[in-house]
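Heads up, the thing below is written out as structure tokens.
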């Protein structure tokens, strides 16, 4: 029997600055799973897996393409009554994701992250900030 996701009674928010490195990207995924579990979304649930995968992809992109030496990226996780929103902000303005990510050639070793995000998220996008950008994705809660 699949674990049940508890319906949150109020919004929850977690924000953390993380080093813009591959290790930081892995940490982002673990932090998402940890906080979702604490908010009633079990580790082994489909929702936890989906949100963690999206966070990992966005964090990996921030560490790879949005990296500015000496600057961290910021992970923000919001659990609302009907959805989970993942935001990853970096300080690089000139390098943003495409509006519609395209599947890379079959022999390509990378380039599938945003295709995966677009497939898993109910919606996603990019917002400008004073310094840099925020790439966000929203995942609907079951029954939401």
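The values are calculated or read from the model by the stated rules, or taken from the named source; none is laboratory data. Keep in mind the model is a prediction, meaning the values are calculated, not measured. Don't worry about glycine lacking a Cβ; one is built from the backbone with ideal geometry, like all the others, and counts go over all protein chains shown.
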Checklist outcome for this item: The number of residues in the stretch 112-144 that are under 20 Å from residue 41 (Cα atoms) and part of a loop (DSSP other than H, G, I, E, B) is 6
Next on the checklist: Here's a check for you: in the stretch 43-52, which residue that is modelled with pLDDT of 95 or more and surrounded by fewer than 24 Cβ atoms within 10 Å (Cβ to Cβ) is nearest to the chain's Cα centre (by Cα)?
Outcome noted: 52
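Given the condition modelled with pLDDT of 70 or more, over 21 Å from residue 131 (Cβ atoms) and not in a loop (DSSP other than H, G, I, E, B), answer yes or no: does some residue in the stretch 15-24 qualify? Don't jump to the end; show me each part of the working.
Going residue by residue through the stretch 15-24, those that are modelled with pLDDT of 70 or more are 15-24.
Narrowing the set further to residues that are over 21 Å from residue 131 (Cβ atoms) leaves 22-23.
Next, from what is left, pick out any that are not in a loop (DSSP other than H, G, I, E, B): 22-23.
Yes, the stretch 15-24 contains a residue that is modelled with pLDDT of 70 or more, over 21 Å from residue 131 (Cβ atoms) and not in a loop (DSSP other than H, G, I, E, B).
Kindly indicate whether any position in the stretch 66-77 is more than 11 Å from the chain's Cα centre (by Cα), surrounded by 23 or more Cβ atoms within 10 Å (Cβ to Cβ) and closer than 20 Å to residue 121 by Cβ.
Taking every residue of the stretch 66-77 in turn, at least one turns out to be more than 11 Å from the chain's Cα centre (by Cα), surrounded by 23 or more Cβ atoms within 10 Å (Cβ to Cβ) and closer than 20 Å to residue 121 by Cβ.
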Checklist entry - Could you list, in sequence order, the residues of the stretch 53-65 that are over 13 Å from the mean Cα position of the chain (by Cα) and assigned to a helix (DSSP H, G or I)? => result 64
Checklist entry - Taking the stretch 53-65, which residues are at pLDDT below 90, farther than 17 Å from residue 129 by Cβ and surrounded by fewer than 23 Cβ atoms within 10 Å (Cβ to Cβ)? => result 64
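Here is a check on your reading of the model: is residue 32 under 13 Å from residue 86 (Cα atoms) and crowded, with 18+ Cβ neighbours inside 10 Å? Before you say what the answer is, go through the steps one by one.
Details: under 13 Å from residue 86 (Cα atoms): yes; crowded, with 18+ Cβ neighbours inside 10 Å: yes.
Criteria met by residue 32.
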Item to check | the stretch 78-103: number of residues that are under 16 Å from the mean Cα position of the chain (by Cα), over 13 Å from residue 121 (Cβ atoms), surrounded by fewer than 19 Cβ atoms within 10 Å (Cβ to Cβ) and modelled with pLDDT of 90 or more | outcome: 2
